[in-house]
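The structure appears below as C-alpha cells.
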Amino acid sequence: MFKKNLIPWVEEYLFFPTPLQQLISALLLPLTLLYCLIVSTKRILAKKKYFGIPVIGIGNLLVGGTGKTPVTIALAKDKKNVAVVLRGYGRQSKGLIAVSNKGKILTNVQQSGDEAMLLALSLPNAIVIVSQKREEGIVKAKELGAKLVFLDDGFSQYGIEKYDILVRPQEEPSNIFCLPSGGYREPKIMYGIANQVLLEGKDFNR
C-alpha cells in the first residue's frame, strides 16, 4: 500500500508539485545545483569516440518515458543493416546480450527486459542489443553487420560521437528543476544543443 501511494506522490512532486511539494523542492535546490554542476562537467570534459559508423542517439531530458521507444521504432523500421542498442532496464541479466538478429529472437524477456523485447518484435530487420556499456554494444552491432546504430536513451552517453535527437513531451512539467528538486535529468537549455528536437503531438504521437 505504501509503495502504491508513494509512486503517484513522487510523480506529482517531480512534474506538477503541490505547494507543499514546491517547498520541499526549494529546500533541495543546493543538491540540484551540485547535480547540475557534475552533469555539465561530465559533458564538457567527455572525449567523444567515433566508431566508424553513424550513431543516432534518441533521448529525453525528463525522468521516465516520453516516447523514445516508439520514435526509435518509427525511425529504424525501414532501415537495412540497422541496430538498436539500449541498456535493458528491468532485465534479470548483466553484461552484453544480443536480443535479436534480423528477426531471430536470441533470448527471453527476462534476460532482455520488456523494452528490448518490444524493439526486437517490432523491428524484424534489425539487430537489438542490451548492454549497460553502450560502447561495447556498438562494437558488437558492427561485428554483426550493422551499418547504422540507434542508441535508445542515448543523450547522456557523452563519450560517443553521435547525432542527438531529443523527444519533448507535449505537456511540459510545471516543475522546471533538475533532480532532486524536479524531474529533469539535465537543464531544459539542453534542448538547444541537440541536433534535432521532436515534439509530441506535432512530430510524433505515442
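Output the number of residues of the range 132-155 satisfying the condition of being closer than 17 Å to residue 101 by Cα, more than 14 Å from the chain's Cα centre (by Cα) and not β-branched (Val, Ile, Thr).
11
Quick one: is residue 137 part of a helix (DSSP H, G or I), of a type outside the set (A, V, I, L, M, F, W, C), open to solvent by less than 20 Å² (accessible area, probe 1.4 Å) and under 16 Å from residue 56 (Cα atoms)?
Answer is yes for this residue.
For the range 16-56, give me each residue that is open to solvent by less than 40 Å² (accessible area, probe 1.4 Å) and of a type outside the set (Ser, Thr, Tyr).
17, 21, 36, 39, 46, 51, 53, 55, 56
Residues are listed down the side, and each one gets a yes or a no for (1) within 28 Å of residue 173 (Cβ to Cβ); (2) among the β-branched types (Val, Ile, Thr); (3) in a loop (DSSP other than H, G, I, E, B); (4) at pLDDT below 95:
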residue: 53; (1), (2), (3), (4): no, yes, yes, no
residue: 57; (1), (2), (3), (4): yes, no, no, no
residue: 66; (1), (2), (3), (4): yes, yes, yes, yes
residue: 69; (1), (2), (3), (4): yes, yes, no, yes
residue: 75; (1), (2), (3), (4): yes, no, no, no
residue: 78; (1), (2), (3), (4): no, no, yes, yes
residue: 84; (1), (2), (3), (4): yes, yes, no, no
residue: 89; (1), (2), (3), (4): yes, no, yes, yes
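If we only count helices (runs of 4 or more DSSP H) wholly inside the range 1-50, which ones have 1 or more residues that are over 30 Å from residue 139 (Cβ atoms), without any contact (Cβ under 8 Å) to a residue 40 or more places away in the chain and basic (Lys, Arg)?
2-15
Pull up the range 153-206, narrow it to residues that are among the basic types (Lys, Arg) and assigned to a loop (DSSP other than H, G, I, E, B), then point me to the one that is surrounded by the fewest Cβ atoms within 10 Å (Cβ to Cβ).
Filtering first and then ranking leaves 202.
Checking the condition within 30 Å of residue 127 (Cα to Cα) and β-branched (Val, Ile, Thr), which residue from 10, 39, 55 passes?
Just one listed residue meets the conditions, 55.
Give the residue that is farthest from residue 93 (Cα to Cα), with candidates limited to residues of the range 121-134 that are in contact with a helix residue (DSSP H, G or I) (Cβ under 7 Å, 6 or more places away or on another chain) and not in a loop (DSSP other than H, G, I, E, B).
122
Could you please give the count of residues in the range 88-125 that are of a type in the set (Lys, Arg), more than 17 Å from residue 142 (Cα to Cα), in contact (Cβ under 8 Å) with a residue 24 or more places away in the chain and open to solvent by 80 Å² or more (accessible area, probe 1.4 Å)?
The qualifying residues number 1.
Scanning for something in contact with a Lys or Arg (Cβ under 6 Å, 6 or more places away or on another chain) and not polar (S, T, N, Q), does the range 112-119 turn up at least one residue?
Yes, because at least one residue in the range 112-119 is in contact with a Lys or Arg (Cβ under 6 Å, 6 or more places away or on another chain) and not polar (S, T, N, Q).
The values are calculated or read from the model by the stated rules, or taken from the named source; none is laboratory data. From a predicted model like this one, the values you see are computed outputs, not experimental measurements. Every residue, glycine among them, receives a Cβ derived from its backbone with ideal geometry; neighbour counts consider all protein chains shown. Accessible surface areas use protein heavy atoms only, side chains included; no ligands, DNA or RNA. Shrake-Rupley method; radii C 1.70, N 1.55, O 1.52, S 1.80 Å.
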